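Accompanying notes for the structure given below.
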Amino acid sequence: YFEYNPAKEPKWALSIGNKVVLNGHYIHVGNTSVMDRTNRYFPILLRGDNNFKIEELPYYTITFDFRFKYD
């Protein structure tokens, strides 16, 4: 599973308005690369239902933007 801030560093905590972007092997919050703030696992979306669990964030949105759709 993908984990942001597994060390629980207070200075890396997400706040309202932050956007975590996973673009291939590039992970950013805003314009800052945050790969060193993760557990270095890359999520893989599989065909069918994919379940997500968000912890410790009271408000969040998950969106996907795919360049191509494969059947």
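Is at least one residue of the range 33-45 more than 14 Å from the chain's Cα centre (by Cα) and without any contact (Cβ under 8 Å) to a residue 12 or more places away in the chain? Break it down into steps so the answer makes sense when it comes.
Of the residues in the range 33-45, the ones more than 14 Å from the chain's Cα centre (by Cα) are none.
Within the range 33-45 (the criterion being more than 14 Å from the chain's Cα centre (by Cα) and without any contact (Cβ under 8 Å) to a residue 12 or more places away in the chain), the answer is no, since none of the residues qualifies.
Every residue in the range 46-57 that is hydrophobic (A, V, I, L, M, F, W, C) and either closer than 12 Å to residue 2 by Cα or not in a loop (DSSP other than H, G, I, E, B) (or both), please.
Initially, the range 46-57 is screened for residues hydrophobic (A, V, I, L, M, F, W, C), giving 46, 52, 54, 57.
Scanning the range 46-57 gives 52, 54.
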Selection from the range 15-41 of residues that are open to solvent by 60 Å² or more (accessible area, probe 1.4 Å) and assigned to a loop (DSSP other than H, G, I, E, B): 15, 16, 17, 18, 19, 25, 31, 40, 41
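The values are calculated or read from the model by the stated rules, or taken from the named source; none is laboratory data. Everything numeric here is computed off the predicted structure, so don't read it as measured data. Ideal geometry is used to build each Cβ from the backbone, glycine not excepted, and the neighbour counts take in all protein chains shown. Heavy atoms of the whole protein, side chains included, go into the accessibility calculation; ligands, DNA and RNA do not. Shrake-Rupley method; radii C 1.70, N 1.55, O 1.52, S 1.80 Å.
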